[in-house]
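The values are calculated or read from the model by the stated rules, or taken from the named source; none is laboratory data. The shown structure was predicted, so the numbers you read here are calculated from the model rather than taken from an experiment. Glycine gets a Cβ as well: all are built from the backbone with ideal geometry, and neighbour counts include every protein chain shown. All accessible areas refer to the heavy atoms of the entire protein, side chains included, with ligands and DNA or RNA removed. Shrake-Rupley method; radii C 1.70, N 1.55, O 1.52, S 1.80 Å.
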Amino acid sequence: MLLLTGKPADMTPVDLVWLSELLKNIGGGDSLVQAAKKSGASYRSAWGKLNDIEEMLSTQLILRTKGHGSQLTQFGKYFITFIDDMQAVHSKQGKIYCDKLNLEISKLKNIESSKWTFHSSSDAIIQKAVKEVKGFSLKISGSGEALEKLLNQEADVAGYHVSNEQDSKAIYRRLMKCNIEVFPVMKRTQGLMIKKGNPLNIKSVSDLTKRRVRFMNRQIGSGTRLLLDTLLIEENINAADIDGYLQEEFTHSAVANAILAGKVDVGLGVKNVAVDNELGFIPIKDEIFFIAMHKDVTSEAQASKLIRKIRAYSGETPGYKAVSLNRQISDWL
């Protein structure tokens, strides 16, 4: 659920579920700094959104007392209940529409029984290969979402990538237990895409906290977002110190376009996207891209053709290397 705040010419959406949790944490004794951190927002962002909402409502939600932190107003307490009640109604109505939508999806699946649903992490090679192999309907998803769809029988094929052996082994074991086949198809390089010439002298992930550096993130659930969060933990970097950590795009190309348009200065992405867009690139981590599919799909000739296409294209694309045998990445399985 979203609430639009600000002036008509510059409306800003606010997630009401996020706002409810923020207010609940403050009501439970947290400072605004602590509550903002728990909600995944920076203190500055949370403060700004609260000010916008209070201005729109012409009513205070919290009282800020110097030396005593923040406390909910009577209206702030009521607003939590109001949001929760509205969410309950929204969920009930949403289920009705979801059921209706799922019924229509089932009808379409019956009509297009020859199609296989392929959920995959964003990748230009995957998209190129699917266009040349009939039978697959590609949906761009984060790696986590793609795997979830596959395990829930909502997808026939999933494309995902991992950047460390431990996570790869855990995912592989779970998929094998569910009678799902896993095929390594390519190794690719992730890194920082930056403006040509690197005017801000960005050299590593730690430079994302520099004062003038504006960052564009990937969406929660994507493998690239997971990679970034892992790197931040390893280097003891607070995400709240990165200007733009909460800004999200859903593909590597969209991040590159944001850099080209001057909206941001840097984003995490794959090398070939940086090369195609004539951006600078700082390699950070190599990762393995896998294709997972239900066993009934693996027996289809089109499935083998898809995998061959992906490996062929990755062997001739900058920043990629084809992986065709499990023994090439034995430590990952």
*Express in Å², to the nearest 10, the accessible area of ILE105 obtained by rolling a 1.4 Å probe over the protein heavy atoms while all chains stay in place.*
70
*Do any chymotrypsin sites (Phe, Trp or Tyr not before Pro) in region 48-98 lie in a loop, going by DSSP, with at most 12 other beta-carbon atoms within 10 Å of their beta carbon, and if so which?*
none
*Report the residue, chosen from GLY191, GLY267, GLY135, that carries the largest GNM mean-square fluctuation when the chain is represented by alpha-carbon nodes joined by springs under 10 Å.*
GLY135
*Just add up the charged neighbours of VAL323: K/R +1, D/E -1, any other residue whose Cβ is under 9 Å from the Cβ of VAL323.*
+3
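Exposed loop sites here are GluC sites (Glu not before Pro) in DSSP loop states with at most 16 other C-beta atoms within 10 Å. What is the longest stretch of the chain lacking them? Each step should come with its number before you reach the end.
Values: sites that count: GLU112, GLU154, GLU235, GLU278, GLU300, GLU316.
Longest stretch, sites excluded: 1-111.
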*Please work out the average accessible area per residue across region 155-227, using the 1.4 Å probe convention, and give it in Å².*
45
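Size of the dipole of region 247-315 about the Cα centre, Lys and Arg at +1 and Asp and Glu at -1 on the beta carbon, nothing else charged, in debye to 20?
Result for region 247-315 is approximately 360 debye, rounded to the nearest 20.
What is the dipole size for region 112-264, taken about its Cα centre, with +1 at each Lys and Arg Cβ and -1 at each Asp and Glu Cβ, in debye to the nearest 20?
So the magnitude is around 500 debye.
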_Ordering ARG44, ARG214, ARG188 by accessible area with a probe of 1.4 Å, largest first, what comes out?_
ARG44, ARG214, ARG188
*State the percentage of accessible surface on the chain attributable to carbon and sulfur atoms; use a 1.4 Å probe and exclude ligands, DNA and RNA.*
50
*Electrostatic dipole magnitude of the chain [Cβ: Lys, Arg +1; Asp, Glu -1; Cα centre; debye, to 20]*: 480
*Determine how large the accessible area of TYR43 is when every protein chain is in place; take a 1.4 Å probe and give Å² rounded to the nearest 10.*
100
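Could you calculate the contour length gain from TRP47 to ASP84, that is, 0.36 nm times the residue separation minus the distance between their Cα atoms, to one decimal place in nm?
Once the chain is fully extended between TRP47 and ASP84, it gains 11.2 nm.
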*Quote the accessible area belonging to ARG64 in square angstrom, nearest 10, computed with a 1.4 Å probe and with ligands, DNA and RNA left uncounted.*
80
*Of VAL213, ALA261, SER330, which is farthest along the charge dipole of the chain in the positive direction, counting Lys and Arg as +1 and Asp and Glu as -1 at C-beta?*
SER330
*How would ASP331, ASP123 rank on accessible area, largest to smallest, probe 1.4 Å?*
ASP331, ASP123
_Within the chain, helix-based [θ] at 222 nm, where runs of 4 or more DSSP H residues each add -39,500 (n - 2.57), nearest 500_ = -14000 deg cm²/dmol
*asked:* Give me the percent relative contact order of the chain, please, defined on Cα pairs under 8 angstrom at least 6 residues apart.
replied: 19
*From the residues SER204, ILE80, SER39, which one has its Cα farthest along the dipole of the chain in the positive direction, the dipole being from +1 and -1 charges on Cβ of Lys/Arg and Asp/Glu about the Cα centre?*
SER204
*In the chain, what % of DSSP beta bridges are antiparallel (nearest 5)?*
75
